[in-house]
Amino acid sequence: MSFGYLAALAISITGMVVLDARFHLFFWRDARRAAIVLVAGVLFFLAWDVVGITQGVFFRGETPFMTGVLVGPELPLEEVFFLTLLCYLTMNFYGAFTRRAWLARRAEAEA
Amino acid sequence: MTYWLINAVFLGIVAVVAIASLASRRSPRWRAVGLAAIPLLLMTAVFDNIMIGVGLVAYDPTLISGVFIGIAPIEDFTYAVAAVVLLPALWTLLPPSRTSSPRTSSSSSSSRRAHSPHDSPRKGVESGQVDGKRDGGAAW
């Protein structure tokens, strides 16, 4: 049992939060909407995973880097964190590429 | 059921949400979606190869297409494509909150403070803050 992969994911998610806070990309732009999008995204990809696992397409590999804690058959705890990171990363990128327009709109609203 | 067949089903759901955002004239900025897709796909290529390489996940070779980017099945990239369309479409479909979220610098509260009677002795400082507000906004 190892926390290596889980720790790497937690550090990466922390990085996403720091960038979000600094540049107002996702939760720091609209926390309520971000929470809905993130939860919906993670649930959507978990469902996708579950179908893939039940159909036998992919499964947990033999690795010393995971805790071994499962949240479902062949579904490691780490996958929930991985999907959270994927969704957060996606929306931070989208936030970064829409940032100029968002800043302009906000400046207009505050003027 | 092959990996591609499963992906087709979930991409169908993504398409429904994307079409809903188009139909309601609340679609995301597609240019930003396209730009975000580039680093996401590159990072998927790098990290998926690492994850498979160290044995975090394995695949049934009879259920995947056999097309790989390195050792990553091409089907895995569907997750990144789905994320970059689905999540921004959901984001723009949802109505914006009236009060937007945690803010580090509270420019609005400092301008409100300027009208507070307690602050009148520091009038010069307050007017400096009001000027600073504009600069602070532009710096973000």
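The table below gives the values:
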{"read-out": "Kirkwood estimate for the range B:3-93, i.e. one over the average of 1/r between Cα atoms, Å", "value": "14.2"}
{"read-out": "Distance between modelled label sites at B:Phe47 and A:Phe23, nm, 7 Å Cα→Cβ extension", "value": "1.5"}
{"read-out": "Relative contact order for chain A, counting Cα pairs under 8 Å that sit 6 or more residues apart, in percent", "value": "41"}
{"read-out": "3J(HN,Hα) from dihedral phi, the range A:59-71, Karplus parametrisation 6.51/-1.76/1.60, rounded to Hz, x for glycine, proline", "value": "7, 4, x, 8, 8, x, 8, 10, 5, x, 6, 10, 9"}
{"read-out": "Potential lengthening between A:Val50 and A:Ala109 on full extension [0.36 nm per residue; Cα-Cα distance subtracted]", "value": "16.8 nm"}
{"read-out": "Residue-wise HN-Hα coupling along the range B:34-41, computed from phi with Karplus coefficients 6.51, -1.76, 1.60 (Hz; x: Gly, Pro)", "value": "x, 5, 5, 5, 5, x, 5, 5"}
{"read-out": "Under-5 Å amide H pairs with B:Val57, H placed in peptide plane, nonlocal only", "value": "A:Gly61"}
{"read-out": "Span-rule helices in chain A, defined as complete DSSP H runs reaching 24 Å or more along the axis (Cα) with Kyte mean at least -1.0", "value": "A:4-23, A:31-54, A:77-97"}
{"read-out": "Kirkwood hydrodynamic radius (C-alpha pairs) into Stokes-Einstein, the range B:1-50, 37 °C and 0.692 mPa s, D in µm²/s", "value": "255"}
{"read-out": "Residues whose placed amide H lies under 5 Å from that of A:Leu70, excluding near-sequence neighbours", "value": "A:Leu77"}
{"read-out": "Shape box of chain A [Cα atoms, principal axes, largest first, Å]", "value": "57, 27, 20"}
{"read-out": "Cβ neighbours within 10 Å from other chains - mean over B:28-41", "value": "4"}
{"read-out": "Convex hull projection area averaged over all views, the range A:56-111, Cα basis, nm²", "value": "6.3"}
{"read-out": "The range B:1-64: trypsin sites (Lys or Arg not before Pro) in DSSP coil with no more than 12 other Cβ atoms inside 10 Å", "value": "B:Arg25"}
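All of the numbers you see were taken from the coordinates with simple rules; none came from a lab. Not measured: the values here are computed from a predicted model. So basically every Cβ, Gly included, is an ideal-geometry build from the backbone, and we count neighbours across all protein chains shown.
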